[in-house]
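The structure appears below as structure tokens.
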Amino acid sequence: MEDVKAKSSANSAEIDDSSKKITKKDLLLGWFRWWYANEIPHTFDRMLAPSFLFGLMPILRKIYKKNEDLKEAYKRHLLFYNTQAVWGGGTILGITASLEEERAKKLNEGKIEEAVDPEIINSTKVGLMGPLAGIGDAIDSGTVQYILIGIFLPWAKAGSALGALLPWILFVALTFTYGYYFTELGYRLGRSAVVEIVSGARIRKIIDGLSVLGTFMMGILAASYVTVNTSLKWTLSGKQFVLQDILDKVLPGLLPLLTVMLVYWYFSRKGLKIVKVLLWLIVIFAVLGFTGLL
């Protein structure tokens with residue numbers, strides 16, 4: 001009878017006897033759960049930690065045999081955590097899964113002293129969440145999003161609902177796809193994945209390509225949606241000359257280009273002070289309009 005009780009208590013202390021290596025399916029499930037719940041359990045004291053733990057839960061339950069080790073892992077990942085969802089969230093999720101798997105393997109073998117220190121896992125998360133968030137915000141929210149909006153803006157302007165829906169749909173699909181790639185990369189390379197993301201050749205090509213495409217899109221948008229015309233005209237030898245007609249023949253869009261370049265110059269010298277730029281443009285164009293130059 002006592003042997004039966006001992007067996008029963010031993011079984012209750014185990015979550016799963018599976019110590020298999022984390023699979024791509026596990027990583028995809030973890031990434032999907034983090035991506036889906038990213039802003040749902042958002043709290044001021046823990047920020048995105050509940051979402052991160054929600055993403056890791058299936059992986060942690062698979063690799064840790066003992067309830068006590070699993071509880072510690074849960075507590076470890078409920079500490080303050082905040083980063084960008086895709087570049088930071090995906091990469092750190094993969095790296096953390098890799099570190100937790102190393103720790104779980106040693107604990108399951110009873111080699112406690114050889115297990116990865118929990119402080120290393122936590123400090124890795126904390127050390128990476130800020131830098132990767134900056135990269136992700138600049139690329140996803142500052143580049144990819146506006147490129148997609150710029151591509152489909154003419155559709156929306158023409159009254160097509162697809163012009164409003166497709167940028168959002170494609171943005172979700174794109175970020176989910178390369179977010180999973182970062183998750184897998186983080187798991188496969190461990191902490192060296194950050195080096196691959198920040199300075200890897202493939203990632204640099206993607207970022208450079210997005211920068212070039214973003215520059216083209218900003219130029220297209222400036223030419224299409226920035227309208228600056230001059231009303232200046234004069235009569236010489238009985239013939240009337242209209243400055244805007246001359247500019248349109250020589251270099252169409254010259255005044256909108258000069259306006260955009262002037263704003264860019266201001267930003268490069270004074271920083272991204274949008275309100276001040278708007279006020280200056282209002283004053284300058286009001287003066288030029290009052291004097292009849294525009």
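The values are calculated or read from the model by the stated rules, or taken from the named source; none is laboratory data. Keep in mind that what you see is a predicted model, and the values were worked out from it rather than measured. With ideal geometry, Cβ positions are generated from the backbone for all residues, glycine too; neighbour counts draw on all protein chains shown. SASA here: full protein model, heavy atoms, side chains in, ligands and nucleic acids out. Shrake-Rupley method; radii C 1.70, N 1.55, O 1.52, S 1.80 Å.
Counting just the residues of segment 233-275 that are among the polar types (S, T, N, Q) and assigned to a helix (DSSP H, G or I), which one comes out nearest to Gly142 (Cα to Cα)? Here the answer is Ser268.
Residues that are in contact with a Ser or Thr (Cβ under 9 Å, 6 or more places away or on another chain) and not in a loop (DSSP other than H, G, I, E, B) were ranked within segment 19-46; the one that is farthest from Leu185 (Cα to Cα) is Tyr36. Kindly indicate whether Leu210 is among the aliphatic types (A, V, I, L, M), at pLDDT 75 or above and assigned to a helix (DSSP H, G or I). No. Of the residues making up segment 243-273, those that are loosely packed, with under 10 Cβ neighbours inside 10 Å and on the phi < 0 side of the Ramachandran plot are Lys249, Val250, Ser268, Arg269, Leu272.
Residue pairs whose Cβ atoms lie under 7 Å apart, separated by 6 or more positions or on different chains, with the first residue in segment 148-173 and closer than 27 Å to Trp31 by Cα and the second open to solvent by 50 Å² or more (accessible area, probe 1.4 Å) and at pLDDT below 90, are Pro167/Ile149; Phe171/Gln145.
Does Lys239 satisfy the criteria of being surrounded by fewer than 15 Cβ atoms within 10 Å (Cβ to Cβ), of a type outside the set (Asp, Glu), at pLDDT 75 or above and more than 30 Å from Ile284 (Cα to Cα)? Break it down stepwise before answering.
On the way: surrounded by fewer than 15 Cβ atoms within 10 Å (Cβ to Cβ): yes; of a type outside the set (Asp, Glu): yes; at pLDDT 75 or above: yes; more than 30 Å from Ile284 (Cα to Cα): yes.
Yes; evaluated as a whole, the condition is true for this residue.
Here are some conditions: (1) within 17 Å of Val226 (Cβ to Cβ); (2) aromatic (Phe, Trp, Tyr); (3) open to solvent by 90 Å² or more (accessible area, probe 1.4 Å). Phe290 meets all but one. Which one does it not meet? For Phe290, the exception is condition (1).
For the condition of a type in the set (Val, Ile, Thr) and surrounded by fewer than 20 Cβ atoms within 10 Å (Cβ to Cβ), what is the one hit in Ile40, Ile95? Please lay out each step first, then the result.
Numbers: Ile95 fails: surrounded by fewer than 20 Cβ atoms within 10 Å (Cβ to Cβ).
Being of a type in the set (Val, Ile, Thr) and surrounded by fewer than 20 Cβ atoms within 10 Å (Cβ to Cβ) holds for just one of Ile40, Ile95, which is Ile40.
For the residues Leu170, Leu153, the requirement of being farther than 19 Å from Ile95 by Cβ, in a helix (DSSP H, G or I), open to solvent by less than 70 Å² (accessible area, probe 1.4 Å) and at pLDDT below 85 singles out Leu153.
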